[in-house]
Amino acid sequence: MKQSALAAFRTFVEPVWRRPDFIQAAALCVRKTKKGPEVLLVTSLTTKRWIVPKGWPMDGRTLAEAAMQEAWEEAGVKGKVATASMGDFAYRKLVKNGIPVICRCSVFRIDVSDLANDFPEKGRRVRHWMRPSEAAKAVEEPELKALILTLN
């Protein structure tokens, strides 16, 4: 089967200009209740949609430790973070000058032991506990939905 000139161009040349995914650390914050697990979601700073705490890698910290730090800063979470990622998800983010990039987030489960009343981003975000089925409906990213549903 013959390829069109455009298809051939895209196959060989496009990968040269494609940006690699940016890596982030994400926290799936979970607490146990009598009715089963609940997931803590927070609102994003700009669009106010429901997300999990996440952010950039940090010098001198593993991705799991970075996820724990983001959970603290964005939601006041205290708890125990798993050292192994439970999976990942991708999303599109606008960075400086409105340039779109793809971020690939490694997700680390945090078993929440306490929530602080005062934390760095208090007043900038809303936090809310949800059943996994409700949280999966609230987030936009299909891969994140699937990870949340593994908690049922």
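Table for the structure above
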item	result
Some residue of the stretch 7-24 being at pLDDT 95 or above and surrounded by fewer than 20 Cβ atoms within 10 Å (Cβ to Cβ)	yes
All helices (runs of 4 or more DSSP H) inside the stretch 36-152 with 2 or more residues being among the small types (Gly, Ala, Ser)	63-75, 132-138
Residue in the stretch 121-129 that is without any contact (Cβ under 8 Å) to a residue 24 or more places away in the chain and out of contact with any strand residue (DSSP E or B) (no Cβ under 7 Å at 6 or more places or on another chain) present	yes
Condition met for Arg92 (of a type in the set (Lys, Arg) and surrounded by 13 or more Cβ atoms within 10 Å (Cβ to Cβ))	no
Single residue of Leu115, Leu41, Leu28, Leu45 found to be surrounded by 11 or more Cβ atoms within 10 Å (Cβ to Cβ), in contact with a strand residue (DSSP E or B) (Cβ under 8 Å, 6 or more places away or on another chain), modelled with pLDDT under 95 and closer than 26 Å to Arg131 by Cβ	Leu45
Qualifying residue in the stretch 86-97 (condition: at pLDDT 95 or above and of a type in the set (S, T, N, Q))	no
Every pair of residues 6+ apart whose Cβ atoms lie under 6 Å, when the first sits in the stretch 85-99 and is in contact (Cβ under 8 Å) with a residue 40 or more places away in the chain while the second is surrounded by 10 or more Cβ atoms within 10 Å (Cβ to Cβ) and among the basic types (Lys, Arg)	Met86/Arg109; Asp88/Arg104; Ala90/Arg104
Criterion violated by Ala84 - all others in (1) within 19 Å of Ile23 (Cα to Cα); (2) in contact with a strand residue (DSSP E or B) (Cβ under 7 Å, 6 or more places away or on another chain) satisfied	(2)
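The values are calculated or read from the model by the stated rules, or taken from the named source; none is laboratory data. None of the values given here were measured: they were computed from a predicted structure. Positions of Cβ are backbone-derived with ideal geometry, glycine not excepted, and every protein chain shown enters the neighbour counts.
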